[in-house]
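Below: one structure, written as structure tokens.
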Amino acid sequence: MSADILAIETSCDETAAAVVRDGRDCLGAAVSSQIDLHARFGGVVPEIASRSHQEAVNPIIDEALELAGVKLTRIDAIAVTRGPGLLGALIVGVATAKALAYGAGKPLIGVNHLEGHIFANFFTYPELKAPFIALVVSGGHTLLAGVETPGTYEVLGQTLDDAAGEAFDKVAAYLGLGYPGGPLLEKLAVDGNPEAIDFPRPMLKTPNYDFSLSGLKTAVLYYVNKKQAAGEELNLPDLAAGFQAAVIDVQVFKTIKAAEAKGAKTIVLAGGVAANQALKDRLGAEVAARGWRLFAPPLELCTDNAIMIGAAAWPKWLRRDFLGLDAEPDPNLKLTQ
Ligand code: KG4
Ligand code: ZN
């Protein structure tokens, strides 16, 4: 049975809403980014995020419904990101979704934000079929998951400290480049030599699928301090290229290793860092060399959006997997929960 789902996403620094039909068609979508509000702090400030979501959430929902040309009364279900994310930010989305579900008498569907990132690929590529290995890399998360079916996940490994996007953001903030750091460093790296500076590849050789990025970030800071103390000029493109190459090397190596161990021939990239062309190119080359296939979402579906939440809600709608109106957000919600 067909369904138009109104999806709401407020887990971090974008307030987003979308109306998604059958997990496949976006009828209307709107996003309000808070990037400008957080930029001068070099990262997301939770209190500012929460307040800004409160201001933006209703207008963004109205905009998505208007673009879709669908009235709330004609919507079949309300879906919302329940976690993981910033608690104060998640509360705004979940409280709004509960109020709409209650007021309009519609079922409520809770979506895991990371599952949403993976579903950006199901939304984009109807031919994508599980099983596959997913590398989910964003500002808050870095994990490798085995996806058995849409909705059945095995977490193979994850970061023990910083997320990949967080490392990009922190290095960029330290260099005074701005926020978010990923796109800024990637742009600088285009003109740099990735081999000019030999940054460490933390946990490259550990016999597991976990990651660690804080040591790499510290290595970059030490390098910058040493250069500055010696009165030497920094070559920013080389620095950006060297840092980016170190992040990518470990991620690509572990993803391929996981796929080989699991016998998977399909790899899915997801999350904000999936916007990184150098990562897509490197992983794409390794995947193609083995005759496998790589899927990665278009840019606008890599970073946070509500279309991916509406797509992930669709199988839950089919299963009648609804939340009660007493549901609470969970900032630490696990992919396997
Ligand atoms: O998925 P997302 O929008 O939010 C979270 O769920 O965290 O990801 C945002 C993160 C930021 O840390 C940002 O720096 C990073 O994705 N990012 C990138 C690129 N574009 C965004 N990192 C590396 N290269 C990029 N081109
Ligand atoms: Zn995200």
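Rule-based calculations on the coordinates, nothing more; no lab input. Just so it is clear, the structure is predicted and the values come from calculations on it, not from any experiment. So basically every Cβ, Gly included, is an ideal-geometry build from the backbone, and we count neighbours across all protein chains shown.
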Worksheet item: Would you pick out the residues in the range 123-136 that are away from ligand 2 (no atom under 16 Å from the Cβ) and either crowded, with 23+ Cβ neighbours inside 10 Å or closer than 27 Å to L87 by Cβ (or both)?
Response: F132, I133
Item to complete: Could you tell me which of the residues P202, P207, P126 is in contact with a Gly (Cβ under 7 Å, 6 or more places away or on another chain) and either on the phi > 0 side of the Ramachandran plot or away from ligand 1 (no atom under 12 Å from the Cβ) (or both)?
Response: P202
Item to complete: Can you run down the residue pairs with Cβ atoms below 7 Å, 6 or more apart or on separate chains, where the first is in the range 80-93 and within 11 Å of ligand 2 (Cβ to nearest atom) and the partner is among the β-branched types (V, I, T)?
Response: T81/T10; T81/V111; T81/I309
Item to complete: Give, as residue ranges, the strands (runs of 3 or more DSSP E) completely inside the range 68-183 that count at least 3 residues that are under 15 Å from the mean Cα position of the chain (by Cα).
Response: 77-83, 132-137, 142-149
Discussion item. Tell me the residue from Y179, Y174 that is of a type in the set (F, W, Y) and more than 16 Å from ligand 2 (Cβ to nearest atom), please.
Written reply: Y174
Worksheet item: When you go through L294, L234 one by one, which is the residue that is farther than 15 Å from L135 by Cβ, of a type in the set (A, V, I, L, M) and either within 16 Å of ligand 2 (Cβ to nearest atom) or not in a helix (DSSP H, G or I) (or both)?
Response: L234
